[in-house]
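Down below is the structure, laid out as structure tokens.
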Amino acid sequence: MEDATESPAIHPAIAPLSYLLGTWRGRGEGGFPTINSFSYVEQLHFSHSGKPFIAYTQKTWKLNSGEPMHAESGFWRPKPDGTIEVVISQSTGLVEVQKGTYSAEEKVIKLQSELVGNASKVREITRVFKLVDEELFYEVQMATNLTSLQPHLKASLQRI
Ligand code: HEM
């Protein structure tokens, strides 16, 4: 039997997104028409086990005090045809099924919620990730019961 502690080969299905693997840290800005804007520190971790999915964890802290904020985790499932499915569970209890596309050449991933569950206000979520010059940028937009789709989060992260 193969030694489970050895690092497994990357599954071909996740190879186009292998640039994500590892730990990223950076800063973000949040806002929405109905709230005060805020700044945060964020760490993302993408890992794999040799299976055709990438495991994802995220943690955030208040920029000034270091107090923990939002956290989430999930699984990214890219398909050979350039589509991708991502499931995310948030520390607030909200769950997302995201569907979208990726471009291995342009290093862009675009996600649109197919399902937002256990949410009191949120109706829709979009997420766009882009790698530019080794820096990972993302933007999250959301629609709520009172507000149409608008930016909530924007961040840039470096590999650590
Ligand atoms: C507020 C959803 C990620 C920090 C909110 C609100 C919603 C929401 C629905 C209330 C908006 C309103 O009252 O009109 C989400 C969703 C997220 C997400 C769906 C991910 C897709 C985050 C992250 C952070 C964060 C990562 C921190 C880094 C905040 C803060 C508020 C807020 C500070 C304002 C709270 C208040 O003033 O009461 N978010 N959020 N959110 N969110 Fe998020």
Ser65 vs (1) under 19 Å from Phe38 (Cα atoms); (2) outside any loop (DSSP other than H, G, I, E, B); (3) hydroxyl-bearing (Ser, Thr, Tyr): all pass except (2)
The correct count of residues that are over 20 Å from the mean Cα position of the chain (by Cα) and among the β-branched types (Val, Ile, Thr) in the range 11-43 is 2
ask   = Is it the case that Phe75 is open to solvent by 20 Å² or more (accessible area, probe 1.4 Å), within 17 Å of His152 (Cβ to Cβ) and not in a loop (DSSP other than H, G, I, E, B)?
value = no
Checked the range 9-36 for anything away from the ligand (no atom under 13 Å from the Cβ) and open to solvent by less than 10 Å² (accessible area, probe 1.4 Å); matches are Ile14, Leu17, Leu20, Trp24
(Q) Can you say whether Tyr102 is surrounded by 15 or more Cβ atoms within 10 Å (Cβ to Cβ) and either part of a strand (DSSP E or B) or not acidic (Asp, Glu) (or both), as far as the supplied structure shows? (A) yes
Here the residues within the range 145-160 that are in contact with a Lys or Arg (Cβ under 8 Å, 6 or more places away or on another chain), surrounded by fewer than 14 Cβ atoms within 10 Å (Cβ to Cβ) and in a strand (DSSP E or B) are Gln158
### Query
Would it be correct to say that Thr83 is away from the ligand (no atom under 11 Å from the Cβ), touching a strand residue (DSSP E or B) at 6+ places or on another chain (Cβ under 9 Å) and touching a residue at least 24 places away in the same chain (Cβ under 8 Å)?
no
Just one listed residue, out of Ser113, Ser39, Ser89, is assigned to a strand (DSSP E or B) and open to solvent by less than 30 Å² (accessible area, probe 1.4 Å), and it is Ser113
Taking the range 122-135 and keeping residues under 14 Å from the mean Cα position of the chain (by Cα) and more than 15 Å from the ligand (Cβ to nearest atom) leaves Lys130, Leu131
Going by the conditions given, is Lys59 outside any strand (DSSP E or B) and over 21 Å from Glu134 (Cβ atoms)? no
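The values are calculated or read from the model by the stated rules, or taken from the named source; none is laboratory data. Keep in mind that this is a model prediction, so the values were computed, not measured. Using ideal geometry, Cβ is built from the backbone for each residue, glycine included, and neighbour counts are taken over all protein chains shown. The protein model used for the area step is the full one, side chains on, heavy atoms only, and it has no ligands, DNA or RNA in it. Shrake-Rupley method; radii C 1.70, N 1.55, O 1.52, S 1.80 Å.
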